[in-house]
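Step one of this worksheet: look at the structure below.
The values are calculated or read from the model by the stated rules, or taken from the named source; none is laboratory data. Computed from a prediction, not measured in an experiment: that's the story for all the values here. So basically every Cβ, Gly included, is an ideal-geometry build from the backbone, and we count neighbours across all protein chains shown.
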Amino acid sequence: MKSGRIAMICRMLIVSLLFFSYQSTAGMIGTESIASAPSAQTERTQIQSALSRADVASQLQSLGVDIKLAQERVAALTDDEARSLAGKLPTAPAGASDDAAWIVAIAVVALLIWWYWARK
């Protein structure tokens, strides 16, 4: 019984290796791509400039966030975190929250469940 399970697992592994081939390639990185890529310091500067805007500063203060503390936290970000945050800045909602979609979805699901139970 146990050997049958092991054999089935081995077969599934073999099939998955056949159909899902994993390939990687390596190559030289050109100087142009490195020179044109923004550095983490540039991205931190971009975030700091967004924090220094008057409208952003007033909104953060109204939410109870100290501007100096926020700037210190930006300075303490790792390079990957700074790249991620700087990449999100242009697409971030301006003064809005995208949580409204989740709230509406939960309300619709709750309404459908209530309607289903009420129909019985």
**Request:** Output the residues belonging to the range 72-120 that are modelled with pLDDT of 80 or more, outside any helix (DSSP H, G or I) and of a type in the set (A, V, I, L, M, F, W, C).
**Result:** Ala76, Leu77
**Request:** For Ser39, state whether it is surrounded by 10 or more Cβ atoms within 10 Å (Cβ to Cβ) and modelled with pLDDT under 80.
**Result:** yes
**Message:** Can you confirm whether Val65 is β-branched (Val, Ile, Thr), part of a loop (DSSP other than H, G, I, E, B), surrounded by 10 or more Cβ atoms within 10 Å (Cβ to Cβ) and modelled with pLDDT of 80 or more?
**Reply:** yes
